[in-house]
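S.K.: Next up is a structure, given as structure tokens.
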Amino acid sequence: MRKIIAALLAAALCLGLAGCGPAPEPEVTPTPTPSATPAPEPAEFALACYPSAGFHPITGTNRTNLNLAGLVYEGLFELDQEFQVHNVLCASYTVSEDGLTWSFRLRPGVTFSDGSALTAADVVSSLEAARTSALYSARFADIGAVSATADGGVTVTLTRANGNLPALLDIPIVREAGAVPLGTGSYVLTGAGESWSLTANPNWRQGAENLSLQSIPLRAIHEADELIRAFDTREVTLVSTDLTGTNSLGFSGSFDTVDYPTSTMLYVGFNTVSGPCASAAVRQALLRAFDRSSVVTARLSRHAQAAALPVSPVSPLYDAELAQSLAYDTGAAEELLTQAGYSRSDGVWQRRGTPLSLTLAAPTNNPTRLDAAELLAANLTDLGIQAELAALSWDDYVQALEAGDFDLYLGEVRLTADFDLTALITPGGALNYGGYSNAQATSLHSAFRAASGTARTEAAAQLYAQLAQEPPFAVICFKNWSVLMQWNQLSGLTPTQQNLFYQFDQWEIS
């Protein structure tokens, strides 16, 4: 999606971790308005950096600096905008019959920017560094050991089968060399103090001469206000933002926007242990009660994609036919409530004289998310359900979730790129606040995780069908992130969740 946005947009500059956190993080949406201000002539292509924050692509925490990693480093694999895996530093791999042992053969002839050869030891040390990093540690929950083989390959041993392990292995492969590790990517990060730049890597296997820019200046930034000013004054060409994020910064002026999909899911969790939602029939009705499209358009300013399944709609795993059967439909919701034993009296659904009453918990520290909760609660009220919105401080919200003190809650989580639901649907899962327990769903989820190739698509369909029958939550949407860029300077962008500069050599730069 490409559009013109202006006047005090809020742009979040924090990098979400690549896995499930201890609680669903809140996000915020600004309301963009169009601008009639004519765009000035294109300026020099330049990017921002925070020199004092360090540039390590695995242990670093500064979002702006981490974005640069896509130009300097490569992983064994990379993911495109549909979360499909492509080989990069890995030439090929084999998997044991039980799915627990993966053997990777490295691409021959790959060198770091100093001309030294890539080795299995570099891959092992990089993955072990990622194992304990804040950014990547969640991916290693089922990785028992990583080791180099005598023939120059790498072996990864799992404690639980994962047929889509490569989706987790787009981690930058580095060789430690002081403050800035060496990489195998198209550019080399050089500099010191306040002066830094990216220069074409003469040893890049695809040829530095194929890059449209041989050098990219980096503007030194020290605080958020400087980044805003640098972008507003066109010293910086682009910034990566979460336009529905918290702690947002205000950018003014006119600029282009390109959205890209993420694995961040907004959902309504159910208390499956007590209250009305302990009934699977009631939960089925609620799947049809939420107007997902209105949440996306009216609350998230279209920076999300409506979804009814726990996988991004851009993924080939998304079953559009099944999703349509779960779409917003008040008539279908009413029929399901009737089948669940409820009847409507004076406009209110009740059973045995007791009205159907539900409390939806949502945090107050995120206005947009709270607005979304209000819309969802209004959907229930319009349906004839007595819905109460419990607007809670973040600490009280988390406490309520951990205590199971809710009927419904509005949650958000960034799933790993293999769309693993372990934390959400398994007994004792870190995000299973609703106490969901379903042996068939657990079994199907294990089969889905273990499957690969075409078998994975079928396993996903069976899992999602079961979750529709015994719902643990109602998916609302998957969020998009955005690239804001100066007018008429860039085209052909294909940013991904992990790599803002995906296929940078194919960008058109004025």
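S.K.: Could I have the simple spin-label model distance between D346 and A43, label points 7 Å from Cα toward Cβ, reported in nm to one decimal?
M.R.: Using points 7 Å along Cα→Cβ, the separation is 6.4 nm.
S.K.: Turning to a different aspect of this structure: With a 10 Å radius around each residue's Cβ, average the other Cβ atoms per peptide and rank 330-336, 46-52, 283-289, highest first.
M.R.: Values: 330-336: 16.1, 46-52: 19.3, 283-289: 24.4.
Highest-to-lowest ranking by the protection proxy: 283-289, 46-52, 330-336.
S.K.: Output needed for region 387-460: three equivalent-ellipsoid semi-axes, defined as square roots of 5 times the C-alpha gyration tensor eigenvalues, in descending order, whole Å.
M.R.: On the way: eigenvalues 175, 33, 21 Å².
Equivalent-ellipsoid dimensions as semi-axes: 30, 13, 10 Å.
S.K.: Further, regarding this structure: May I ask you to evaluate 6.51 cos²θ - 1.76 cosθ + 1.60, the Karplus curve with θ = phi - 60°, for each residue of region 278-284 and list the ³J(HN,Hα) values in order in whole Hz, giving x for glycine and proline?
M.R.: 5, 7, 4, 5, 5, 5, 4
S.K.: Let me ask something else. Could you tell me, in Å, what Rg and Dmax come out for the Cα atoms of region 173-267?
M.R.: So, for region 173-267, Rg and Dmax equal 16.7, 47 Å respectively.
S.K.: Based on other C-beta atoms within 10 Å, arrange T442, T338 from fewest to most.
M.R.: T338, T442
S.K.: Using just the C-alpha positions of the chain as equal point scatterers, what log10 of I(q)/I(0) does the Debye formula give at each q in 0.05, 0.07, 0.09, 0.11 1/Å?
M.R.: Those come out to -0.21, -0.41, -0.67, -0.97, one per q.
S.K.: Count the net charge of all other residues whose Cβ sits under 13 Å from the Cβ of D170, scoring Lys and Arg as +1 and Asp and Glu as -1. The partial results should precede the final answer.
M.R.: Working: positive: R139; negative: E74, E78, D80, D418.
Within the 13 Å Cβ shell, the charges total -3.
S.K.: With an 8 Å Cα cut-off and a minimum separation of 6 or more residues, compute the relative contact order for the chain in percent.
M.R.: Across the chain, relative contact order equals 23 percent.
S.K.: List the residues whose amide H sits under 5 Å from the amide H of A304, counting only those 5 or more places along or on another chain, with H placed 1.01 Å from N in the peptide plane.
M.R.: Counting only residues 5 or more places away or on other chains, the set is N480.
S.K.: Sticking with this one: How far is helix 63-72 tilted, in degrees, relative to the longest principal axis of the Cα atoms in the chain, given as a value from 0 to 90 rounded to the nearest 10?
M.R.: Tilt of helix 63-72: around 50 degrees.
S.K.: If you wrap a convex hull around the Cα atoms of region 261-480, how much volume per residue is inside, in Å³?
M.R.: 111 Å³
S.K.: Still on this structure, please answer the following. Rounding to the nearest 10 and keeping the result within 0 to 90°, find how far the Cα-based axis of helix 394-403 lies from the longest principal axis of the chain.
M.R.: Taking the Cα atoms of the chain, the angle to 394-403 is about 60 degrees.
S.K.: Further, regarding this structure: List, largest first, the extents of the alpha carbons of region 415-510 along their principal axes, each in whole Å.
M.R.: On the principal axes, region 415-510 reaches 56, 30, 20 Å in Cα extent.
S.K.: Next up: Quick check: pseudo-label points 7 Å beyond the Cα along Cα→Cβ at A403 and S279, how many nm apart are they?
M.R.: If labels sit at A403 and S279, their model points lie 2.7 nm apart.
S.K.: To continue, here is another question. Once both axes come from the Cα atoms, what is the angle between helix 454-469 and the longest principal axis of the chain, in degrees from 0 to 90, rounded to 10?
M.R.: 30 degrees
S.K.: Can you list residues whose amide H is under 5 Å from I143's amide H, if they're 5+ apart or on another chain and H is modeled 1.01 Å from N?
M.R.: Answer set, sorted by chain and number: T159.
No lab work stands behind these numbers, since they all come straight from the coordinates. All figures in this text were calculated on a predicted structure; none of them were measured in a lab. All Cβ positions, even for glycine, are placed from backbone atoms using ideal geometry, and neighbour counts span all protein chains on display.
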